[in-house]
Each structure stands twice: as structure tokens, then as C-alpha cells.
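K.L.:
Take this structure, written in C-alpha cells, and hold onto it; I'll ask about it next.
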Amino acid sequence: MSSSSQPQFRYTQTPSKVLHLRNLPWECIEEELVELCKPFGKIVNTKCNVGANRNQAFVEFADLNQAISMVSYYASSSEPAQVRGKTVYIQYSNRHEIVNNKSPGDVPGNVLLVTIEGVEAGDVSIDVIHLVFSAFGFVHKIATFEKAAGFQALIQFTDAETASSARNALDGRSIPRYLLPEHVGSCHLRISYSAHTDLNIKFQSHRSRDYTNPYLPVNPTAIEGVMQPTIGPDGKKKELESNVLLASIENMQYAVTVDVLNTVFSAFGTVQKVAIFEKNGGTQALIQYPGLSPSMKMLWFPFCFFVFLFLLNICLHY
């Protein structure tokens, strides 16, 4: 029997196929519990890291006699049950089964729930999130939102294995400093699994992306840099300066693609993003530049419309 003054067993409990284990090593893992208990029968469920000190656990056997067998063995053995050299105290549980062994955030899946601590919405763009997580595999979809927990993102991978690789590598880590705005000192990633398996992305925007569907409509009011016009001193609408242009494509005899628009508008500066969408029965496009200068060029030169048609004609007939 154990030389400890604390009894290894409590005999007052009614036998149950669920055993309560105490005095476990800190953050004892499921594999260690199974290794200790499997000589006595089949383990059907476990619940680890219970209690304020995370040193308790529950183990559920498939049959009541298997649990009784384990308790009886160690009650009569000169060697106590041990995990990592620590004596484990065993008793019957007052529960007859383990319910909700794992929270949804611990059940592996292909969608990760990421909480970005230390930042506000807008401090970390969806493109930065995509860059960080795509290092571990193809990212299908991303949706960002704000909750009581802070700025969060749902990130969908192809399978749970890829998602697990990303979680194991990034949970508790920080986004590289050079990818963050100057006013953000640091941010930490807290990652769990989501119960979602397929995100429902209705629009491409600065808050949500579906990288598997290039033809998904774009939400113009949600694209970065797009602003609503204000009223000028003359009572007319005044367009605010923006690094994103909204182009209406009319009377085109040929199909206009993203590649064509990128070629055309690259004549005025580096194009970061291009999106085509249908609105009010017509075709429109959003073209994003790094800053205001290229966008203003399109407004300063009255002949740009003709340049646009000229370049477009060349591209379409190339």
C-alpha cells in the first residue's frame, strides 16, 4: 500500500464504471490515462485536466466489472497506481458516464476559430490572416467578425489534419511584427476548433473571402477603401479620395476578365486587387491601388477613358 497518509481509495462510493483519479501530474494527457487503465478493460471515454490544479481526471470503462477490477487490484497491491512517478488516488465516481468529454473547441475539424488578441478590427487585414495560415495548406474560406472575446476569424482548410498542423504551430504565437500596423505592439493567436465544417460566404469583402469561388459576388460597400460620396459646397455629390476605383463596364463586345482589367489599370500604377461583379444589370469592377496617387491620375487626365478603350482593345485582340 502507499506510504502516503492520504488513502489511495475511498470505499464509501457506490461502484461505477466511471473512476475518479486524483493527484495526477499537471496536464496529464489522455494517452497516459489509457495506458494506466487499459490492462483492466476497454476505455470508452476520458475527461482530463479537471479541477483548479488540472490534476484530476475521469475514466469510463465499457463495463462496471472492469472498473471494479481496477479498484480491487490496486486496493490489494503493494504498489500504488502511478503516472510519471506520482501516486494516483482512485475512487468510484458518482456519475455513471462521462458526458461532453471534450468541448467543441477541442474536437479536431477542418475549420479553426482564431481569436486575435491585442488588436481591434481593421488592425489585421484578411490578407494578412490568409498569408499566415496558408503557409500550412490551401485556405478555402475566411470569415472575420467581432465578438465579446474580441476580433476573431473562422478559417476553413481542406481537412482536419491540415487545420491541426496550423493550430499546433500557431496557437499562442504572434503574427510577425512586420505584417502589423505601426501602432500595434504585438498580438497573440488563441486557436481552437470550430463546430463548422463549411463556411457560408455570400460575398467577397474585406471581412470574408471564398478562395474556391472566383465568381462569387463582391460587396462593394465592404471592400477596403471604398467610401460613400459626400455633399460639396455647391450641393452636388463630391467623391472622396480613395485608393479604390469603381469602374462601370458598358457596351463591351468581348468578355472582360480580371487579367484584362489588371493589364489596363497597371498602366497607372501597381494594382493590388481586382474584383468583377454584377450590379443593377450591369458589369462593374473594383480596382485597388496601394495609395491615392494612381487613383487620382485616372481623374486628372480626361483622356484616360480613351486610353482605357484603346488598351482594352489591344488586350482583347492579343
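K.L.:
What relative contact order, as a whole-number percentage, does segment 118-181 give when Cα pairs under 8 Å and 6 or more residues apart are counted?
P.N.:
Numbers: 55 pairs, mean separation 20.8, N = 64.
Computed over segment 118-181, the figure is 32 percent.
K.L.:
Determine, for each peptide in 112-125, 192-205, the mean count of other beta carbons within 10 angstrom over its residues, then list the peptides with the highest first. List each step's numbers first, then the result.
P.N.:
Values: 112-125: 18.1, 192-205: 16.1.
Packing order, densest peptide first, comes out as 112-125, 192-205.
K.L.:
Next question. Where in segment 26-107 are there chymotrypsin sites (Phe, Trp or Tyr not before Pro) that are in a DSSP coil and have at most 16 other Cβ atoms within 10 angstrom of their Cβ? Walk me through the numbers on the way to the answer.
P.N.:
Working: sites: W26, F40, F58, F61, Y73, Y74, Y89, Y92; in loops: W26.
Loop-located and lightly packed - W26.
K.L.:
In whole percent, how big is the carbon plus sulfur part of the accessible area of segment 88-151, probe 1.4 Å, protein atoms only? Don't skip to the end; give the middle numbers.
P.N.:
Details: 1570 of 3010 Å².
Carbon plus sulfur share of accessible area: 52 percent.
K.L.:
Turning to a different aspect of this structure: Whole number in Å², please: accessible area per residue of segment 96-224, 1.4 Å probe, ligands, DNA and RNA not counted. Display every interim value, and only then the final one.
P.N.:
Numbers: 6800 Å² over 129 residues.
With the other protein chains kept in place, segment 96-224 gives 53 Å² per residue.
K.L.:
A further question follows. May I ask you to list the residues of segment 140-164 whose amide nitrogen lies under 19 Å from a point 7 Å from Cα along the Cα→beta-carbon direction of S192?
P.N.:
143-157, 160, 163-164
The values are calculated or read from the model by the stated rules, or taken from the named source; none is laboratory data. All figures in this text were calculated on a predicted structure; none of them were measured in a lab. Heads up, the Cβs are rebuilt from the backbone with ideal geometry, glycines too, and the neighbour counts pull from every protein chain shown. Ligands, DNA and RNA are stripped out before the accessible areas are found, and what is left, the full protein with its side chains, is counted by its heavy atoms. Shrake-Rupley method; radii C 1.70, N 1.55, O 1.52, S 1.80 Å.
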